[in-house]
Amino acid sequence: MSLVVYNTLSREKEPFVPLDPSHVRLYVCGPTVYDYVHIGNARPVVVFDVLYRLLKRRYPRVTYVRNITDIDDKIMVRAAENQESIDALTERTAAAYRSDMSRLGALSPDVEPRATKYVGEMIALIERLVERGHAYAAEGHVLFDVPSMEDYGRLSRRSHDELIAGARVEVAPYKKDPADFVLWKPSTDAQAGWQSPWGRGRPGWHIECSAMSSALLGETFDIHAGGLDLIFPHHENEIAQSRSAFGHAIMAKYWMHNGFLNISGEKMSKSLGNFFTVHELLDQYPGEVIRLLLLSAQYRQPLDFTPEGLAQAKATLDRWYGALRDIGKSPAAVVPQSIEDALSDDLNTPMAIAALHQLANQVYQQGGPGLAAADLKAGAGALGLLQQDPEAWFRWTPAAADGPSDAEIEAAIAARQAARKAKDFKESDRIRDDLRAKGVILEDGPKGTSWKRG
Ligand code: AMP
Ligand code: ZN
């Protein structure tokens, strides 16, 4: 089945036909780096990582760009609070982001541009917009002239009045129209800033993505993605900037948006304070558990974050890894058709997960690894799951765990083995019971004793 994606522009599912099939280009809006991200922010990363993997299986060349916003008022405020430089803060949080996302099994994007490295391109783009009559300078600011674009609001489908209400823009005196938005703003000496034709200042948020996407992917490209909350104003304004600057009918051909990760029915967000950072959760759960939870709903649907959901994802992975335990070095299989079909239908991950459950059931019914196990591993790989050694999976331990170490467990198992050999079953049972009391379960099989933390 060929890929079909829901395009926010048309509000319909459409067949995916790349602009250039020899080179597919994808842009996902990345984080503003001033602190650890929450798991809501990880949803687009994990969901569009599944898309990236699918595109890489089907097209000879894919370029995936995910930016880092490293200049923003929130960053300036936090750096001042922490009494550290903006560079130190953004370097530190960007590194933590990269490490956390990789622990969630997300592949690195091909390019991860930092906004501050593209300020020259942003200034050039703003100059172009001014030249073409789509932007104007006023009191050290440069603003995008919204009424200069005929079909502004097409992505979010908002009327001019709704746009103003939705943007909650302060109606600054220098704006010609209340819907006009900032491309460039002045900086005081104490604030981060760059020299520009309009004086020392810094870019607005939206122009960053227009500049980086056009520099790295071209004036038009295939897919632009992010969370639902970015449709307006961020993506609407990116489209306005890029189309007005370059004169094309589109910026990206397909616009994909993930739904929210909620807590008790409310969007997880920094401002509501109802969030868990990926960083703290990774102390308590393997990254794969969080990843499976994030993929358990179709990406456009809301997804409730609950401890039960995490426990269920853990139990599922225990069962799946159990099915792979004795798979050994079997030849790698291709992703089964059932899973390709599910993902081709606008990334239907719940359907793909159901297909993986069926494969795992087959392994257990057959009473051992075989073709189904190889299919399970390859199919799960399409979701970025089940790629570690099953034994490593079962040995995972929370960061704060105070049980025995791997080496202590191995030593106890060796001692038990010796006791059994000497027919001292009282001692071997004592060792097993002692480990069990410490949360370690032993399983005797034909190939010896394996263990897991239960
Ligand atoms: P931000 O740093 O707020 O710009 O968010 C980074 C990315 O995370 C954007 O694509 C947002 O749309 C997305 N995002 C933020 N909060 C949530 C949430 N609760 N659920 C899903 N995606 C979110
Ligand atoms: Zn963006």
> Contour minus end-to-end for LYS270 and ALA315, with contour as 0.36 nm per residue of separation and end-to-end as the Cα-Cα distance?
Replying inline: 13.3 nm
> Convex hull over the alpha-carbon atoms of segment 267-346: what's its volume per residue in Å³?
Replying inline: 130 Å³
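Run the count for segment 4-261, please: Lys pairs, Cα-Cα under 22 angstrom, 8 or more apart or on different chains.
On the way: LYS13/LYS56; LYS13/LYS253; LYS56/LYS253; LYS74/LYS117; LYS74/LYS185; LYS117/LYS185; LYS175/LYS185; LYS176/LYS185.
Lysine pairs meeting both conditions in segment 4-261 amount to 8.
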>> Tell me the per residue accessible area of the chain using a 1.4 Å probe; a whole number in Å² is fine.
In response: 44 Å²
>> Counting other C-beta atoms within 10 Å, and keeping those with at most 15, which DSSP coil chymotrypsin sites (Phe, Trp or Tyr not before Pro) do you find in segment 189-290?
In response: none
> When the scattering of segment 225-363 is computed by the Debye formula from its Cα atoms alone, each counted once and equally, what is log10 I(q)/I(0) at q = 0.10, 0.14, 0.17 Å⁻¹?
Replying inline: -0.49, -0.85, -1.07
> Ordering HIS257, HIS141 from largest to smallest accessible area (1.4 angstrom probe), what's the sequence?
Replying inline: HIS141, HIS257
>> Given an 8 Å cut-off on Cα distances and at least 6 residues of separation, report the relative contact order of the chain as a percent.
In response: 16 percent
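Which FRET efficiency value, to the nearest 0.05, is calculated for GLU162 and GLN337 with the Förster distance at 51 angstrom and r the Cβ-Cβ distance?
Efficiency computed from Cβ-Cβ geometry: 0.70.
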> Counting Lys and Arg as +1 and Asp and Glu as -1, each charge on the Cβ, what is the dipole of the chain about the Cα centre in debye, to the nearest 20?
Replying inline: 1180 debye
>> Quick check: with the 1.4 Å probe, what order do SER2, SER156 take by accessible area, largest first?
In response: SER2, SER156
>> Given an 8 Å cut-off on Cα distances and at least 6 residues of separation, report the relative contact order of segment 415-454 as a percent.
In response: 26 percent
>> Taking the square root of 5 times each eigenvalue of the Cα gyration tensor, what semi-axes in Å does the equivalent ellipsoid of the chain have, largest first?
In response: 49, 25, 17
>> Taking the Cα centre as origin and putting +1 on Lys and Arg beta-carbons and -1 on Asp and Glu beta-carbons, what dipole magnitude results for segment 1-124, to the nearest 20 debye?
In response: 700 debye
> Which value, in debye to the nearest 20, gives the size of the charge dipole of segment 283-394 about its Cα centre, when Lys and Arg are +1 and Asp and Glu are -1 at the Cβ?
Replying inline: 160 debye
> What FRET efficiency, computed as 1/(1 + (r/R0)^6) with R0 = 41 Å and r the Cβ-Cβ distance, is obtained for GLU150 and SER102, rounded to the nearest 0.05?
Replying inline: 0.40
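Please sort by residue number the GluC sites (Glu not before Pro) in segment 125-205 whose DSSP state is loop and whose Cβ has at most 16 other Cβ atoms within 10 Å. Don't skip to the end; give the middle numbers.
Details: sites: GLU127, GLU131, GLU139, GLU150, GLU162, GLU170; in loops: GLU139, GLU150, GLU170.
Counting only loop positions with at most 16 other Cβ atoms within 10 Å, the GluC sites (Glu not before Pro) in segment 125-205 are GLU139, GLU150, GLU170.
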>> If you split all Cα-Cα distances of segment 406-453 into 10 Å bins from zero, what percentages do you get per bin, shortest first?
In response: 28, 62, 10
>> Can you compute the FRET efficiency between LYS117 and GLN83 using 1/(1 + (r/R0)^6), with r the Cβ-Cβ distance and R0 = 22 Å? Round to the nearest 0.05.
In response: 0.30
>> Tell me which of PHE246, GLY328, GLN387 sits at the most positive position along the dipole axis of the chain, charges placed on C-beta atoms (Lys, Arg +1; Asp, Glu -1).
In response: GLY328
> Where a Cα-Cα gap under 20 Å defines reach, which lysines qualify for LYS329, not counting those fewer than 8 residues away within the same chain?
Replying inline: LYS377, LYS447
> So which trypsin sites (Lys or Arg not before Pro) in segment 256-340 pass both tests, a DSSP loop state and at most 12 other Cβ atoms within 10 Å of the Cβ?
Replying inline: LYS329
> For the chain, with the dipole built from +1 on Lys and Arg beta-carbon atoms and -1 on Asp and Glu ones, taken about the Cα centre, which of ALA372, SER338, GLY226 lies farthest toward the positive end?
Replying inline: ALA372
>> Distances longer than 22 Å among the Cα atoms of segment 1-99: what percent of all pairs is that?
In response: 44 percent
> If Lys and Arg each add +1 and Asp and Glu each add -1, what is the summed charge of the other residues whose beta carbon sits under 11 Å from the beta carbon of ALA192?
Replying inline: -3
> How high is the relative contact order of segment 353-454, given as a whole-number percent (alpha carbon pairs under 8 Å, six or more residues apart)?
Replying inline: 20 percent
> How many Å³ per residue does the convex hull of the Cα positions in segment 283-394 occupy?
Replying inline: 92 Å³
>> Could you tell me how far the Cα centroid of segment 239-291 sits from the Cα centroid of segment 145-164, in Å?
In response: 23 Å
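The values are calculated or read from the model by the stated rules, or taken from the named source; none is laboratory data. Keep in mind that what you see is a predicted model, and the values were worked out from it rather than measured. Cβ coordinates were reconstructed from backbone atoms using ideal geometry, including for glycine residues, and neighbour counts include every protein chain displayed. Surface accessibility is based on the protein's heavy atoms, side chains included, excluding ligands, DNA and RNA. Shrake-Rupley method; radii C 1.70, N 1.55, O 1.52, S 1.80 Å.
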